[in-house]
Amino acid sequence: MSSARDDILGALRCRTGRGPDNAAAACAHVERTILQPRSGPRPSMPEDLVALFVERAQAMISTVDLCPDPAQVPARCARWLREQGLPLDPVVAPSLADLDWRGAGLEVRIGAAGGGDRVGVTGCFRAIAETGTLMLCSGPDSPAVNSLLPETHVAVVPRAHIVADMEAAWQAARAELAVWPRAVNFVSGPSRTADIEQTIVLGAHGPYRVHLLIVG
Amino acid sequence: MYFVDRVRQRLDDTELQRNLKRTRGRNAASRAAAVAAFTDFDAVRTRATEIRASVLRDLDIWLERFEQKAAETGATVLWARDGDEACRLIIDIARRHGVRTVVKSKSMVSEEAGLNAALEQAGIRPVETDLGEYILQINDNEAPSHIIMPVIHKSKEQVSELFARVHGTAPKTDIEDLTREAREKLRPEFLGADMGLSGGNFLIAETGSVAIVTNEGNGRLCTTMPRVHVALTGIEKVVPTLDDLSTLLRILPRSATGQAITNYVSLLTGPKQAGDPDGPEHMYFVLVDGGRADLLGGDFESMLRCIRCGACMNHCPVYQTVGGHSYGWVYPGPMGSVLTPLYQGLDQALDLPQAATLCNQCSVVCPVSIPLPELMRKLREKQVERGLRPWSERLGMRLWAWVAARPWLYAIGSRIAVRYLRWLAEGRDRIQVMGVAPGWTSQRDFPAPAERTFRDLYAAQRRGGRR
Ligand code: SF4
């Protein structure tokens, strides 16, 4: 019996008119398309990407704090958690382990979030001004769960990581990442649902709140 | 049961009519606002159409490229000729990995395949985790009525009553409380399940990845927490590059809900890597044909461009009035009226291609420019060719052709008809009750014809001209 794969691809080849005379050319076309990715129309962007990022992130119901001094990140994070009456024991991604969290009065654990964690802290690979979106790449130092399981997600966004659009972010990923990450998660504000009567409710299965600390 | 019979039931269901009315037009308004706020919409739509069409031209090669890349990342790519085969493959995977519970994020192909029933029969417990799909599952596996808002036909009171009955909790009226209740019920399922099953909005040939677009975060949980992840999707979902994905992501959420972007877009590539603290140990793709290959290169190829945004149903006057269940299978609205006969057989969906006014709104809003009314018209032609129309209609058409081919008879006929209609109008310009077909005027008036037919006027003018 022929395999499903052979049957399906066979039917497709028959339908696309594939044959020895055009297969090589089509393969070459496919490889070329991948090697030289072509952008579609990209919205024009203002000079000040940071301002646009902040505006769009707030539109997606993220909260934003500007923190010029990187050393102040733990203190700013602690202050916000206190203001919101949130727990002071976040689980922090290993990529941010060097900051002095305990000095800011936070009972941090460095590592990947579990079901019981209430606040998760992450960095970000890039941030996208067009939509106010974080781009998080999973890896040993950046667990995907920290932005997913806890009810509160705090992300540290270096100003220099803010790019215009998704295409620019992919370009950076292709150039900089030696190993392609298992998960690239684009996060735009707290999780939400509008399934019941199309009424938007925050905190469906992921975080209820997303707070961004823009650094630098 | 025919569409007309299901429709009759739905129109008589006052609760359903109230629910449909509550949200009617809302998605269309959100989309319109999003499109108005995005100056590049038309250009992006053109490019999105081009991307989808270009993949279909070489679909065989794109799929092979995707498969090769996905295999390099450590994922396993499996193929299924139809839904039943997909179910068997997934049950095999589950058995191989000792899976007892499967958490599912939304997959329309899973609905096509009837996966939940198959899993249950095999002793594996499926748990739907999209809030809407969860509501349907605990309501005795009710079918979704919309492809992205599955419980658009329900009121919060109905959900509240259902939760109280199934969860044994006090009834809640607040939608936030209902959402939290579902979250708390489902969180342990995510943490305890052995397998996560997702659909796939796009497959990326460049990286061998699947892209999943969600708002709730359940898609992320299903593909991160369990040991095994299976992405179940149709063979038409490939797009070439991440740049193409970016283009499509500018148009999909805007067309669907009017969002500039969904809360989450996840690009998943292979299983957990060395040193990764999280992610599944095994990743599978199940790529389903299910009638898709047959559409390639034919009259209906453009339907394979569909990105399942739901805009066509959100703008369809028929769908908005009768709701999704009237369409009888998993895909409702205009796209369903085309897909159901194509995937299930023309004789299985006799009146679906007729279930439209051909007002063309759907094709105007479709983000990948699918000419839906034209496709429905083609399906109607095929029905006629295959003699699938009812004998009364065929006889009527034949009679009409016979009369129309005899101008003198036609002239007499139309003169009699005009007299009759004017008699019904009783001197007014509208007919309130159409004598021979009262159903036609039960919701509206029928305009009364002019006193003289076009042919009379034309003949008179010709005479005048000669004079
Ligand atoms: S046919 Fe077009 S409008 Fe309808 S769901 Fe598909 S892509 Fe969206």
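The values are calculated or read from the model by the stated rules, or taken from the named source; none is laboratory data. Quick caveat, the model's predicted, so the values are computed rather than measured. So basically every Cβ, Gly included, is an ideal-geometry build from the backbone, and we count neighbours across all protein chains shown. Only protein heavy atoms, including side chains, enter the accessible area calculation; ligands, DNA and RNA are left aside. Shrake-Rupley method; radii C 1.70, N 1.55, O 1.52, S 1.80 Å.
Could you name every one of the helices (runs of 4 or more DSSP H) located completely within region A:1-92 that has at least 3 residues being at pLDDT below 95 and charged (D, E, K, R)?
Details: elements: A:4-16, A:23-35, A:49-59, A:73-83.
Per the criteria, no element qualifies.
I'd like the residue in region B:218-257 that is part of a loop (DSSP other than H, G, I, E, B) and at pLDDT 95 or above and, out of all such residues, is nearest to the chain's Cα centre (by Cα).
Taking the candidates together, the pick is B:Pro240.
Given B:Ile135, B:Ile124, B:Ile148, which one is away from chain A (no Cβ under 13 Å) and within 19 Å of B:Leu221 (Cβ to Cβ)? Break it down stepwise before answering.
On the way: B:Ile135 fails: away from chain A (no Cβ under 13 Å); B:Ile148 fails: away from chain A (no Cβ under 13 Å).
None of the other options fit; the residue is B:Ile124.
What number of residues within region A:93-113 are touching a Cys at 6+ places or on another chain (Cβ under 8 Å), over 12 Å from A:Ala71 (Cα atoms) and not in a loop (DSSP other than H, G, I, E, B)?
The total comes to 0.
Each row is one residue, and each column tells you yes or no for (1) more than 29 Å from B:Gln354 (Cβ to Cβ); (2) among the charged types (D, E, K, R); (3) over 42 Å from the mean Cα position of the chain (by Cα).
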{"residue": "B:Ile370", "(1), (2), (3)": "no, no, no"}
{"residue": "B:Lys378", "(1), (2), (3)": "no, yes, no"}
{"residue": "B:Ala404", "(1), (2), (3)": "no, no, no"}
{"residue": "B:Leu409", "(1), (2), (3)": "no, no, yes"}
{"residue": "B:Trp423", "(1), (2), (3)": "yes, no, yes"}
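Please enumerate the residues belonging to region B:297-342 that are touching an Asp or Glu at 6+ places or on another chain (Cβ under 7 Å) and either under 17 Å from B:Glu111 (Cα atoms) or near the ligand (Cβ under 9 Å from one of its atoms) (or both).
Residues of region B:297-342 that are touching an Asp or Glu at 6+ places or on another chain (Cβ under 7 Å), as a first pass: B:304, B:330.
B:Val330 - this is the single residue of region B:297-342 that is touching an Asp or Glu at 6+ places or on another chain (Cβ under 7 Å) and either under 17 Å from B:Glu111 (Cα atoms) or near the ligand (Cβ under 9 Å from one of its atoms) (or both).
Restricting attention to region A:202-212, report how many residues are surrounded by 22 or more Cβ atoms within 10 Å (Cβ to Cβ) and either at pLDDT below 95 or in contact with a Lys or Arg (Cβ under 8 Å, 6 or more places away or on another chain) (or both).
Selection size over region A:202-212: 3.
Starting from residues that are among the aromatic types (Phe, Trp, Tyr) and in a helix (DSSP H, G or I), keep the ones in region B:425-467 and report whichever is most open to solvent (accessible area, probe 1.4 Å).
Step one: filter region B:425-467 for residues among the aromatic types (Phe, Trp, Tyr), giving B:440, B:446, B:454, B:458.
Keeping just the survivors that are in a helix (DSSP H, G or I) gives B:440, B:454, B:458.
Details: B:Trp440: 129, B:Phe454: 152, B:Tyr458: 119 Å².
Checking each candidate, the answer is B:Phe454.
For B:Met149, state whether it is open to solvent by less than 20 Å² (accessible area, probe 1.4 Å), assigned by TED's automatic domain parsing to the domain that holds B:Leu268 and within 16 Å of the ligand (Cβ to nearest atom).
Details: open to solvent by less than 20 Å² (accessible area, probe 1.4 Å): yes; assigned by TED's automatic domain parsing to the domain that holds B:Leu268: yes; within 16 Å of the ligand (Cβ to nearest atom): yes.
Spelling it out, B:Met149 is indeed open to solvent by less than 20 Å² (accessible area, probe 1.4 Å), assigned by TED's automatic domain parsing to the domain that holds B:Leu268 and within 16 Å of the ligand (Cβ to nearest atom).
Given the conditions (1) part of a loop (DSSP other than H, G, I, E, B); (2) open to solvent by 10 Å² or more (accessible area, probe 1.4 Å), and given that A:Pro150 satisfies all but one, which numbered condition is not satisfied?
If we test A:Pro150 against (1) part of a loop (DSSP other than H, G, I, E, B); (2) open to solvent by 10 Å² or more (accessible area, probe 1.4 Å), just (2) comes out false.
Does B:Val77 qualify as being open to solvent by 20 Å² or more (accessible area, probe 1.4 Å) and at pLDDT 95 or above?
Yes: the conditions hold for B:Val77.
Restricting to region B:306-330, count the residues that are touching a Gly at 6+ places or on another chain (Cβ under 9 Å) and hydroxyl-bearing (Ser, Thr, Tyr).
Within region B:306-330, residues that are touching a Gly at 6+ places or on another chain (Cβ under 9 Å) and hydroxyl-bearing (Ser, Thr, Tyr) number 2.
Can you name the residue in region A:163-182 that is open to solvent by less than 20 Å² (accessible area, probe 1.4 Å) and assigned to a loop (DSSP other than H, G, I, E, B) and is also nearest to B:Gly270 (Cα to Cα) among such residues?
A:Arg182
Would you please list the contacts, defined by Cβ atoms under 7 Å and residues six or more apart or on different chains, that run from a residue in region B:335-348 that is at pLDDT below 95 to a residue that is open to solvent by 10 Å² or more (accessible area, probe 1.4 Å) and basic (Lys, Arg)?
B:Leu346/B:Lys382; B:Leu346/B:Arg386
I'd like to check something: does region B:347-364 contain any residue that is within 14 Å of another protein chain (Cβ to nearest Cβ) and either away from the ligand (no atom under 11 Å from the Cβ) or at positive phi (or both)?
no
I'd like to know if region A:28-40 contains one or more residues that are more than 7 Å from every other protein chain (Cβ to nearest Cβ), of a type in the set (Gly, Ala, Ser) and surrounded by 14 or more Cβ atoms within 10 Å (Cβ to Cβ).
No, region A:28-40 contains no residue that is more than 7 Å from every other protein chain (Cβ to nearest Cβ), of a type in the set (Gly, Ala, Ser) and surrounded by 14 or more Cβ atoms within 10 Å (Cβ to Cβ).
Of the residues in region B:394-405, how many are surrounded by 12 or more Cβ atoms within 10 Å (Cβ to Cβ) and among the charged types (D, E, K, R)?
1
Please enumerate the residues belonging to region B:263-296 that are within 19 Å of B:Val109 (Cβ to Cβ), open to solvent by 10 Å² or more (accessible area, probe 1.4 Å) and either more than 9 Å from chain A (Cβ to nearest Cβ) or part of a strand (DSSP E or B) (or both).
B:Tyr284, B:Gly290, B:Gly291
Results for (1) within 9 Å of chain A (Cβ to nearest Cβ); (2) outside any helix (DSSP H, G or I); (3) within 27 Å of A:Ala183 (Cα to Cα); (4) in contact with a Phe, Trp or Tyr (Cβ under 8 Å, 6 or more places away or on another chain), shown as yes or no for each residue.
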residue	(1), (2), (3), (4)
B:Gln9	no, no, no, no
B:Lys21	no, no, no, no
B:Thr39	yes, yes, no, no
B:Thr46	yes, no, no, no
B:Leu63	yes, no, yes, no
B:Gln68	no, no, yes, no
B:Ala71	no, no, yes, no
B:Cys87	no, no, yes, no
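Quickly run through region B:243-256 and pick out the residues that are over 24 Å from B:Val288 (Cβ atoms) and away from the ligand (no atom under 12 Å from the Cβ).
B:Asp243, B:Ser246, B:Thr247, B:Arg250
Yes or no: B:Thr233 more than 7 Å from every other protein chain (Cβ to nearest Cβ), under 23 Å from B:Val109 (Cα atoms) and open to solvent by less than 10 Å² (accessible area, probe 1.4 Å)?
So B:Thr233 fits the description; yes.
With B:Ala28, B:Ala48, B:Ala53, B:Ala71 as the choices, which residue is aliphatic (A, V, I, L, M) and open to solvent by 40 Å² or more (accessible area, probe 1.4 Å)?
Step by step, each of B:Ala28, B:Ala48, B:Ala53, B:Ala71 is checked, and only B:Ala71 is aliphatic (A, V, I, L, M) and open to solvent by 40 Å² or more (accessible area, probe 1.4 Å).
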